[in-house]
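Taken together, the values in this text are just the output of simple stated rules run on the coordinates, not laboratory data. For clarity, every value in this text was computed on a predicted model and none was experimentally measured. Backbone-built Cβ (ideal geometry, glycine too); neighbour counts: all protein chains shown.
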C-alpha cells in the first residue's frame, strides 16, 4: 500500500504537470487575459503560484512594488500582489 506521503507527492506532481500543460498551451496574448480575480491576469495568477512555492522553499520575497493596487483591500491582499 502506498503511504500517505507518497500519495501526496504523486498528487502534487499531477497538479504541477497540469499547470505545466496549461502554461505551455497558452498563446502569448493569452497570458494577459483577465481572470475572475480582480486586477489579475493569467500571468499574475501563475506568478502567484510560483511565488508561493518559492516562499515555501525559504527563498526571499522579491523586491517589488506593485503598480496597480486599486483592487487591494488590505495588507494580506497587498502581500499577495508581490
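Some notes on this structure:
- Whole-Å distance, taken between Cα centres, linking the stretch 19-41 and the stretch 48-78: 18
- Put a dot 7 Å past the Cα of residue 82, heading toward its Cβ, do the same for residue 37, and the two dots end up 1.6 nm apart.
- Computed over the chain: relative contact order in percent, which uses C-alpha pairs under 8 Å that are six or more apart: 19
- Nearest-ten-degree value, helix 42-56 long axis tilted from longest Cα axis of the chain: 60
- Full extension of the chain segment joining residue 61 with residue 46 gains 3.8 nm, where the gain is 0.36 nm per residue of separation less the Cα-Cα distance.
- Between helix 4-25 and the chain: long-axis angle, C-alpha atoms, 0 to 90°, nearest 10: 50
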